[in-house]
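Everything on this sheet refers to the single structure shown next.
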Amino acid sequence: MITIKSKEEIELMYLSAQLVSKTLGEIAKIVKPGVTTQQLNDLGDEFIRDHGAYPAFLGMYDFPKSLCISPNEQVVHGIPNDEPLKEGDIVSIDCGVYMNDFYGDHAYTFAVGEVDAETEKLLRVTKESLYEGIRACRAGNRVGDIGYAIQTHCEKEGYGVVRELVGHGLGREMHEDPQIPNYGRRGTGKALKEGMAMAIEPMINMGTKNVKFHKSDGWTVTTRDKKYSAHFEHDVAIVNGEPRLLSTFQYIYDALGIKTDEEKEFLFKK
């Protein structure tokens with residue numbers, strides 16, 4: 001069942017999503033060669049708790065860490081460990097918090113040091129596809145419109161769009177209806193309505209769309225061909241019929257010295 005949020009509930013969700021964004025901004029300051037994913041996890045955990053919230057992923061479905069951190073061919077659900085990142089790696093950091101009775105859930109894929117042009121393009125196109133999906137997230141459209149926008153943007157570049165993992169509704173539960181695939185047909189699926197809130201999260205592979213679920217740890221998902229995968233995620237609410245960002249990459253960009261107005265058309269006004 002899809003839960004429609006009130007104006008007041010969306011404002012509380014904004015605060016939860018913004019704490020996730022601030023956490024990723026803090027982590028962005030230390031993503032570099034030689035840093036371990038466990039160190040990134042520990043920083044995120046401490047920052048979340050210091051701001052009066054709980055790291056939502058810790059213990060959820062028995063996940064053992066506070067952040068999902070997935071380098072290179074890992075698509076999602078990577079478990080932080082003591083292996084250092086290397087120059088030329090990429091790393092997806094997916095963070096969730098529980099605060100004010102609502103969840104925030106938000107991800108960004110970082111370049112570790114300098115990456116090659118092919119990898120840089122994967123990151124750029126995947127992030128572009130996120131905003132294409134968000135543009136389709138408006139009252140009167142359908143879930144299939146979101147997936148279609150993401151899929152067409154990425155497949156025209158020859159990338160694989162993961163089928164087994166999807167975005168989702170968001171609110172008092174981390175995973176609410178509807179599921180939001182990153183592929184689909186226009187005009188199909190659940191109708192999008194005023195007050196819906198959701199996590200839109202393209203997971204895009206440099207090569208095949210096919211993935212492998214690793215039984216050894218019960219969590220890690222990798223690409224079948226071991227090529228890189230990128231993952232970007234925003235929390236979005238439909239306000240006055242239009243998509244409005246509850247999360248932001250601005251704290252990341254401030255940490256990395258990136259100037260962009262990519263979020264301008266989606267800004268949330270309380």
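Some values worked out for this structure:
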| read-out | value |
| --- | --- |
| Complete set of residues in segment 128-162 that are outside any loop (DSSP other than H, G, I, E, B), in contact (Cβ under 8 Å) with a residue 40 or more places away in the chain and open to solvent by 50 Å² or more (accessible area, probe 1.4 Å) | ARG135, ARG142 |
| Some residue of segment 111-121 being touching a strand residue (DSSP E or B) at 6+ places or on another chain (Cβ under 8 Å), of a type in the set (A, V, I, L, M, F, W, C) and without any contact (Cβ under 8 Å) to a residue 40 or more places away in the chain | yes |
| Scope segment 53-111; condition among the acidic types (Asp, Glu), closer than 20 Å to GLY169 by Cβ and open to solvent by 30 Å² or more (accessible area, probe 1.4 Å); matching residues | ASP101 |
| Contacts under 9 angstrom Cβ, first residue in segment 183-212 being within 18 Å of SER247 (Cβ to Cβ) and open to solvent by 10 Å² or more (accessible area, probe 1.4 Å), partner part of a loop (DSSP other than H, G, I, E, B) and modelled with pLDDT of 95 or more, 6 or more apart | GLU201/LEU165; GLU201/VAL166; GLU201/ASN182; GLU201/PHE232 |
| Strands (runs of 3 or more DSSP E) within segment 165-270 that include 2 or more residues within 25 Å of ILE27 (Cα to Cα) | 167-169, 197-200, 203-205, 221-223, 229-231, 234-239, 242-245 |
| Every residue from segment 245-263 that is open to solvent by 10 Å² or more (accessible area, probe 1.4 Å), in contact (Cβ under 8 Å) with a residue 40 or more places away in the chain and of a type outside the set (A, V, I, L, M) | THR248, GLN250, TYR251, ASP254, GLU262 |
| Tally, over segment 163-182, of residues that are among the hydrophobic types (A, V, I, L, M, F, W, C) and either open to solvent by 70 Å² or more (accessible area, probe 1.4 Å) or touching a His at 6+ places or on another chain (Cβ under 9 Å) (or both) | 3 |
| Pairs with Cβ under 8 Å, 6+ apart, first in segment 54-72 and farther than 21 Å from SER229 by Cβ, second open to solvent by 10 Å² or more (accessible area, probe 1.4 Å) and of a type in the set (Lys, Arg) | PRO55/ARG49; LEU58/LYS65 |
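The values are calculated or read from the model by the stated rules, or taken from the named source; none is laboratory data. Just so we're clear, the structure is a prediction, and the values are computed from it rather than from any experiment. Glycine also receives a Cβ, built like all others from the backbone with ideal geometry; neighbour counts cover every protein chain displayed. Heavy atoms of the whole protein, side chains included, go into the accessibility calculation; ligands, DNA and RNA do not. Shrake-Rupley method; radii C 1.70, N 1.55, O 1.52, S 1.80 Å.
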